[in-house]
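All remarks here apply to the structure that follows.
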């Protein structure tokens with residue numbers, strides 16, 4: 001291991017510690033006592049704050065550990081980095097696996113457990129797509145269910161990761177939000193699976209026939225901001241005479257989900273069509289008022 005790489009690994013190793021002894025570095029990195037002493041001096045120059053504790057059980061006491069990992073990426077940047085690295089890892093025939101593992105370890109050291117899990121889920125999804133495999137998930141968007149999916153694509157829209165996928169048990173196509181997916185794992189026993197070409201054909205059929213009820217909702221300027229922060233693939237924004245509208249299509253089975261979504265806009269949305277959606281929306285408002 002190169003010296004610069006070892007020093008980086010030592011920073012990660014010491015990140016969550018309040019104290020350490022020389023023997024800890026010697027054992028962890030298989031280095032001599034002289035090398036360990038030199039490394040400690042260089043770590044100090046890099047910003048590692050510590051003081052020594054004399055005596056038989058003494059060692060080094062760390063201070064101000066927030067400076068140990070000076071680099072910071074926000075959640076979107078980390079996801080983009082891992083997504084690109086994962087794609088390179090799959091496509092590369094060079095010894096990239098080793099580099100990927102080291103980069104992953106370094107970046108994971110800067111992330112919360114929740115963000116680490118998000119990245120791990122994206123890795124599982126990407127692998128399942130490339131290997132044409134079925135995954136098992138615990139899905140919690142509208143109800144608490146355990147389902148199996150063969151995923152065709154993974155895409156990012158308005159700050160949210162989505163997948164387009166086929167449920168082989170119900171034989172239905174759907175769009176799923178990744179932030180509502182939990183306990184993802186590959187199901188190697190679910191065979192045969194569909195090819196990507198077959199999944200594409202199913203998606204084309206679904207998009208041409210499933211969202212067969214058109215809708216149109218007028219927005220206020222603030223409603224437009226809400227839509228840009230949170231929307232779904234079956235809808236888009238249109239400006240008609242300088243007025244923002246949500247337009248798109250839904251299936252009868254999605255009526256409850258559409259109603260739930262539109263209620264979240266409050267007074268900043270007016271449903272213009274269809275009547276079925278208006279009726280469902282008014283019933284939802286009446287049910288909410290009845291609680292008071």
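The values are calculated or read from the model by the stated rules, or taken from the named source; none is laboratory data. From a predicted model like this one, the values you see are computed outputs, not experimental measurements. Here Cβ is always computed from backbone atoms with ideal geometry, including for glycine, and neighbour counts include all displayed protein chains.
Every residue, every condition in (1) more than 25 Å from residue 127 (Cβ to Cβ); (2) within 22 Å of the chain's Cα centre (by Cα); (3) surrounded by 14 or more Cβ atoms within 10 Å (Cβ to Cβ), yes or no:
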{"position": "173", "(1), (2), (3)": "no, yes, yes"}
{"position": "190", "(1), (2), (3)": "no, no, yes"}
{"position": "195", "(1), (2), (3)": "no, no, no"}
{"position": "202", "(1), (2), (3)": "no, no, yes"}
{"position": "211", "(1), (2), (3)": "yes, no, yes"}
{"position": "215", "(1), (2), (3)": "yes, no, yes"}
{"position": "228", "(1), (2), (3)": "yes, yes, no"}
{"position": "233", "(1), (2), (3)": "no, yes, no"}
{"position": "237", "(1), (2), (3)": "yes, no, yes"}
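Go through the range 125-150 and give me each residue that's assigned to a loop (DSSP other than H, G, I, E, B) and either in the same structural domain as residue 257 (by TED's automatic domain parsing) or in contact with a helix residue (DSSP H, G or I) (Cβ under 9 Å, 6 or more places away or on another chain) (or both). Talk me through it step by step, then tell me what you get.
Step one: of the range 125-150, the residues assigned to a loop (DSSP other than H, G, I, E, B) are 132-133, 140-144.
Once the filter is applied, which keeps residues that are assigned to a loop (DSSP other than H, G, I, E, B) and either in the same structural domain as residue 257 (by TED's automatic domain parsing) or in contact with a helix residue (DSSP H, G or I) (Cβ under 9 Å, 6 or more places away or on another chain) (or both), the range 125-150 yields 132, 133, 140, 141, 142.
Tell me which strands (runs of 3 or more DSSP E) are completely within the range 151-225 and hold 1 or more residues being assigned by TED's automatic domain parsing to the domain that holds residue 281, or say none if there are none. Walk me through it before giving the result.
Working: elements: 160-167, 172-177, 181-187, 213-219.
The qualifying strands (runs of 3 or more DSSP E) are 213-219.
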